[in-house]
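Q: Okay, here's the structure, questions in a sec.
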C-alpha cells in the first residue's frame, strides 16, 4: 500500500519544473601549429576545457604549463599519460608565445 501511495503522489506532483537549456555548438578549436604536442592537447585538453578557456589563461612558460598539465593529470585524473605532459605543455607554451591562442571576442546578442 505504501508503494502505491508513493507512486500516486509522484504522478500527481508531475515534473518538478524541469528546464532545458540549448547551448550553441563549440566552434573554437586549438590552432594546429605543427608542434608534436598539438594532437595530444587537442585530444586530452578539450575533453574538459573549451579552446576559448585555454586561450584565456595567462601567458605561461613551458615549466609552468607542465605544472598545470601535470596537476590536471594527477589531481583531477585527466586521461593524460605521464609522457604526454611535456608534449602538451610544450605545445601550449609555444602556441601562446607565437600568439596562436587568442580568445574570440564575445558574441553580440
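What follows draws every value from the coordinates through simple rules; no lab data is involved. What you see is a predicted model; the values in this text were computed from it and never measured. When we count neighbours, we look across all protein chains shown, and the Cβ atoms used for this are built from the backbone with ideal geometry, even at glycine.
Q: Can you tell me the mean projection area, over all orientations, of the convex hull of the range 37-109's alpha carbons? Units nm², please.
A: For the Cα atoms of the range 37-109, the hull's average projected area reads 5.1 nm².
Q: Moving on. Report the gain in length on full extension from residue 63 to residue 32: 0.36 nm times residue separation, minus Cα-Cα distance, nm rounded to one decimal.
A: Stretched out fully, the residue 63 to residue 32 stretch lengthens by 9.1 nm.
Q: In what sequence, highest mean first, do 74-81, 59-66, 35-42, 89-96 appear when ranked by Cβ atoms within 10 angstrom?
A: Highest to lowest by the protection proxy: 89-96, 35-42, 59-66, 74-81.
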